[in-house]
Amino acid sequence: HVIRLSGTIIKGVHLIFHPILSMMSGQLRKFNAGSDKYGSIGAINLDSVGTSPKVLKRIVSRMKRMKKSTSSTIFLFSSPQFMVIRLNFIRALLQLKDTGILRGIVLDEAHLWVKHGSNF
């Protein structure tokens, strides 16, 4: 899987937008199952976290503690709907971008985005 490969090479936080929640859960299991084989990798389904400010705060805190020279990777899986209503989380991601910790943003299943546009 190209996304996981890029995360093993380019350590840090990678945000993956995925339009299909059921497929996202399957990918998340695969990512977490391969953690030992591919190094220190964590995958988090932000949609399953829901609106729990306590859990989101822990995730943000973990990411902010990462150094630019980190040897670990965190994959954040998110639906577009999750990001639309979580402005504080978006601000935290922008800070990570500025510090060089946010290393990648992926639109998974891009053909669906192209085919259906904003109505998807």
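The values are calculated or read from the model by the stated rules, or taken from the named source; none is laboratory data. Here the structure is a predicted model, which is why all the values come from computation and not from measurement. All Cβ positions, glycine included, derive from the backbone under ideal geometry; neighbour counts span all protein chains shown. With ligands, DNA and RNA removed, areas are computed over all heavy atoms of the protein, side chains included. Shrake-Rupley method; radii C 1.70, N 1.55, O 1.52, S 1.80 Å.
Quick one: putting +1 on the C-beta of Lys and Arg, -1 on the C-beta of Asp and Glu, what dipole do you get for the chain around its Cα centre, in Debye to the nearest 20?
Details: 18 positive and 5 negative charges, 112 e Å.
Value, rounded to 20: 540 debye.
Find the lysine pairs in the chain meeting two conditions, Cα atoms under 24 Å apart and a separation of 8 or more places or different chains, and report how many there are.
The result is 18.
Excluding ligands and nucleic acids, what accessible area in Å² is computed for residue 98 using a 1.4 Å probe, to the nearest 10?
For residue 98, the solvent-accessible surface is approximately 120 Å².
Sorted by average packing, counted as other Cβ atoms within 10 angstrom per residue and highest first, what order do 67-75, 54-62, 12-20 take? Numbers along the way, then the final one.
Numbers: 67-75: 15.9, 54-62: 13.7, 12-20: 20.2.
Highest-to-lowest ranking by the protection proxy: 12-20, 67-75, 54-62.
Pull out a ≥ b ≥ c, the square roots of the eigenvalues of the alpha-carbon gyration tensor of segment 56-118, then state rounded if a/c is under 1.5, prolate if not and a/b is larger than b/c, and oblate in the remaining case.
On the way: a/c = 2.52, a/b = 1.68, b/c = 1.50.
Judged from the Cα gyration tensor, segment 56-118 comes out prolate (a/c at least 1.5, a/b above b/c).
What whole-number distance in Å separates the alpha-carbon centres of segment 1-29 and segment 45-120?
Distance between centres, Cα-based: 11 Å.
Restricting to Cα pairs below 8 Å that are 6+ residues apart, what does the relative contact order work out to for the chain? Please round to a whole percent.
On the way: 152 pairs, mean separation 50.5, N = 120.
Result for the chain is 42 percent.
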